[in-house]
Amino acid sequence: MKDELSTLFKALGHPIRREILDLLKKSAKTTGELNEYFPEVTRYAIMKHLNILEEGNLVVVKREGKYRRNYLNAVPLQEMHNRWVGKYMESTANSLLNLRAIAENKGGEESMEQSKVFRIEQEVMIDAPRDQVFKALTEQAGDWWEFKLAPEGVSSQFTFDPVPGGQFIEKWRKDEGALWGTVYYVNAPEEIRLHGHLGMQGAVNSAYTYRLIEKGDSTLLQLSHAASGVIEEDWADKHSEGWTYLLGTLLKNYVEKK
């Protein structure tokens, strides 16, 4: 953990790298697109900054033809947050941040602009064998998945059948429930893909993929989530934060403590 934190702090230690993360929070960008934001910096220097961010696991790179597209991976930041910020301290800190935003007149205006597409790429390293992580992701999802669509105060149960056509379902009464996803591809325990709205309402197409890569006795879990349609402005941020919490905190803790 000490070496991981050293790498993370190094990645965050330069203002250009922090600015790159701010840009990637808004949307994924190619290396060329990022270079345009820093006209005073050479492309080679931007690539070095990106390599350091990738070493710190703060950036996930996807090759698309001849282009390198860079995505923010917020999981290491969440892990650092979990280490030093308790849930009661978090509430106090958020209240102070909200107060500051209001004082600076940054928190009172809402944008009506709607985005039409978002894509989330995240990675988390889990200290457990791949078979165990895959089983936790699927058959045991109800043991750690905290987000629910059941009415407030009503208990619900999750089932996840990891076969083609299988469903990830939440049920709270005999004839009431919600479909979180339908499996359309599975290659256990390496990959599973689902279609599912994940709590989004309206005319939205959404799909998410789990990929599991063996790293010695550990497993690198990669998430890809893409959505398009009538999408509210804050949905991308909310889903990115939600995935970070679900996979980087809840799933990781559930598997590693078994």
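The values are calculated or read from the model by the stated rules, or taken from the named source; none is laboratory data. Quick caveat, the model's predicted, so the values are computed rather than measured. For neighbour counting, all protein chains shown are included, and Cβ atoms are generated from backbone atoms with ideal geometry for every residue, glycine included. Only protein heavy atoms, including side chains, enter the accessible area calculation; ligands, DNA and RNA are left aside. Shrake-Rupley method; radii C 1.70, N 1.55, O 1.52, S 1.80 Å.
When the Gaussian network model of the chain links Cα atoms closer than 10 Å, the mean-square fluctuations of 66, 116, 25 top out at 66.
Across the range 17-26, coupling constants 3J(HN,Hα) worked out from phi with the 6.51/-1.76/1.60 Karplus curve, θ = phi - 60°, read 5, 5, 5, 4, 5, 4, 5, 6, 4, 6 Hz, and Gly and Pro carry x. In this structure, the amide hydrogen of residue 231, modeled 1.01 Å from its nitrogen in the peptide plane, lies closer than 5 angstrom to those of 115, counting only residues at least 5 positions away or on a different chain.
Mean separation of Cα pairs under 8 Å and 6+ residues apart, divided by the residue count of the chain: what relative contact order is that in percent? Provide the component values of the computation, followed by the final result.
Values: 405 pairs, mean separation 47.1, N = 258.
Computed value for the chain: 18 percent relative contact order.
Between residue 67 and residue 220, the distance separating the two model label sites (each 7 Å from Cα on the Cα→Cβ line) works out to 2.3 nm.
Within a straight-line Cα-Cα reach of under 16 Å, residue 48 can be paired with the following aspartates and glutamates, leaving aside sequence neighbours fewer than 8 residues apart in one chain: 19, 33, 36, 40.
Among the listed pairs 215/252; 148/171; 116/171; 66/215, those whose Cα-Cα separation exceeds 21 Å are 116/171; 66/215. Distances between placed amide hydrogens fall under 5 Å for residue 166 paired with 183, all partners being 5 or more residues away or on another chain.
If R₀ is 51 angstrom, what is the calculated FRET efficiency for the pair residue 230 and residue 6, using the beta carbon separation as r and rounding to 0.05? Intermediate values should be presented prior to the final figure.
Numbers: r = 44 Å, r/R0 = 0.86.
For residue 230 and residue 6, the calculated efficiency is 0.70.
Taking the C-alpha atoms only, the angle from helix 2-11 to the longest principal axis of the chain is near 50 degrees. Comparing 57, 35, 70 in a Gaussian network model of the chain where C-alpha atoms under 10 Å apart are linked, the largest mean-square fluctuation is found at 35.
Using a 1.4 angstrom probe on heavy atoms only, work out the carbon and sulfur share of the accessible area of the range 176-258 in %. In the range 176-258, the share of accessible area belonging to carbon and sulfur is 46 percent. Computed over Cα pairs, the Kirkwood radius of the range 115-257 leads via Stokes-Einstein (1.306 mPa s, 10 °C) to a diffusion coefficient of 102 µm² per second.
Potential lengthening of the chain between residue 250 and residue 27 amounts to 77.8 nm, from the contour at 0.36 nm per residue minus the alpha-carbon distance. Remark: the range 191-204, residue by residue, has Karplus-estimated 3J(HN,Hα) of 7, 8, 10, 9, 9, x, 6, 6, x, 6, 10, x, 7, 9 Hz, where x stands for each Gly or Pro and the curve is 6.51 cos²θ - 1.76 cosθ + 1.60 at θ = phi - 60°. Take the chain with all the other protein chains still there, run a 1.4 Å probe, and you get 59 Å² of accessible area per residue. Per-residue SASA remark: residue 47, around 90 Å² accessible (1.4 Å probe; ligands, DNA and RNA not included). Normalised by the number of residues in the range 115-257, the mean separation of alpha-carbon contacts (under 8 Å, six or more apart) gives a relative contact order of 31 percent.
Computed from phi, the 3J(HN,Hα) profile of the range 38-53 under the Karplus parametrisation 6.51, -1.76, 1.60 (θ = phi - 60°) reads 10, x, 8, 10, 6, 4, 4, 5, 4, 5, 5, 4, 5, 5, 5, 5 Hz, with x in place of Gly and Pro. Using a probe of 1.4 Å on the protein chains alone, the accessible area found for residue 197 is around 70 Å².
By a 1.4 Å probe calculation restricted to protein chains, residue 156 has an accessible surface near 20 Å², given to the nearest 10.
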